[in-house]
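Notes for the one structure printed next.
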Amino acid sequence: MYKLLRSALMLSAALCATHVAASAATRAYTYKRIAVPGAVETSAVALTESGDILGEYDDAEFNTHGFIYSNGTITTFDPPGAQDTYPAGINASGEIVGNYLNSSFQEIGFTYSNGTFTDVAISGATSTTVSGINDDGVVLGSASLPGVQEVYTDTNGTFATVVSTNSPLPTAINASGSVIGYYETGGKSWLSVGGMLKTIPIYDVRSATAYGINSSNAVVGSITANNYKQKSFIYQNGVLKTFDVPGWTSSFASSINSSGVTVGTVSNARGQSAGFIYNGTTFSFVSIPKARSQSALKINDAGQILGVFTDTTTNVGEIFLATPVVQ
């Protein structure tokens, strides 16, 4: 369910040359291209405040595995017995959560801390999956129970229900434990702050999906209109703002940092895509040489941006980490 955008072996990162490029505004970034050696595709999942990257990759047999990129080194991992591994989140302490398929191809949630894998399971649930973790170690996930699907938090083994109506799915948890997600039934997004649940007030659309939340509980995501056009939204302090990105037909915002800078992906009718950066006033774009199908997925409070692209020479999917140039 949560294949996100996977023995611990230490590998050096396959990094191409670092490039410096100016955005359409004034900020410049250095770009690092990252790929797991031998992988047919490398994908990004999460970015910590210190710049560590959690991701997944497909090997030559198209099995999926997890990896961490830290200080120029890639460490791969899989829970014991995993057929495929789908990482979902990492916190400042290096605790990792995700899901894996066992030999029966059952999806199981896990935590990974200090070299130890632990399955996550709610008593009575037919399945329990994990979608994130915050810096306090609170795990976010969902569970299928008889007659109901619920979103839960797990604090040191104590489970608490966040929402259990309209087939909810979680997408993110912030440092203070606020949670966002969306309803599979009805197509609306929700926000839970301090145990108080509210529906994000987006009406007369096909669906609205919340993807990112910052430390101030500002939420970003995507709206699909009744004509199937996709645009982005920011919801903060009860105020909803929707926006299109000039020159592009569709957009979805995926992450927002504590400074209110939003990143996401735009596309056009020709099938082209790019990663955008929005500071609340102006738009700019990531610019990776010899790359196509670029997407910006995460931004941390230092302004580093994590995303994915396809190399135009090898046609292989890779990760980029964009770091602001100090002026």
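Each reported figure results from applying straightforward, stated rules to the coordinates on display, with no laboratory input. Worth saying up front: this structure is predicted, and the values here are computed from it rather than measured. Every residue, glycine among them, receives a Cβ derived from its backbone with ideal geometry; neighbour counts consider all protein chains shown.
A few comments on the model shown:
- Each other residue within a Cβ distance under 13 Å of G137 adds +1 if Lys or Arg and -1 if Asp or Glu, for a net charge of -4.
- Residue among L197, L140, N91 farthest towards the positive dipole end of the chain, charges placed on Cβ: L197
- Net charge of the neighbourhood of T249, taken over other residues with C-beta under 10 Å away and scored Lys/Arg +1, Asp/Glu -1, is +2.
- Region 165-228 and region 259-327: distance between their alpha carbon centers, rounded to Å: 23
- Cross-link partners for K188 among the aspartates and glutamates, with Cα-Cα distance under 17 Å and sequence neighbours closer than 8 places in the same chain left out: E150, D204.
- In region 9-324, the alpha-carbon atoms span a convex hull of 137 Å³ per residue.
- For region 191-198, 3J(HN,Hα) computed residue by residue from phi via the Karplus equation (6.51, -1.76, 1.60; θ = phi - 60°) reads 9, 10, 10, x, x, 9, 9, 9 Hz, glycine and proline entered as x.
- Shape index of region 268-316: Rg/Rh, with Rg the Cα radius of gyration and Rh the Kirkwood radius from the inverse mean 1/r over Cα pairs, equals 1.01.
- 3J(HN,Hα) along region 105-116, derived from phi through the Karplus expression 6.51 cos²θ - 1.76 cosθ + 1.60 where θ = phi - 60°, amounts to 6, 8, 7, 10, x, 9, 10, 9, 9, 6, x, 10 Hz, with x in place of Gly and Pro.
- Net charge of the neighbourhood of R292, taken over other residues with C-beta under 12 Å away and scored Lys/Arg +1, Asp/Glu -1, is 0.
- Debye, to nearest 20: dipole size of the chain, +1 on Lys, Arg Cβ, -1 on Asp, Glu Cβ: 1200
- In this structure, the residue pairs whose Cα-Cα separation is over 22 Å, taken from K198/K298; K198/K241; K32/K241; K241/K298; K231/K298, are K198/K298; K32/K241.
- For region 298-306, the Karplus equation 6.51 cos²θ - 1.76 cosθ + 1.60, evaluated at θ = phi - 60°, returns couplings of 9, 9, 9, 5, 7, x, 6, 10, 10 Hz by residue, with Gly and Pro reported as x.
- Sparsely packed loop sites in region 91-123 (the chymotrypsin sites (Phe, Trp or Tyr not before Pro) outside DSSP H, G, I, E and B with at most 13 other Cβ atoms within 10 Å) comprise F105.
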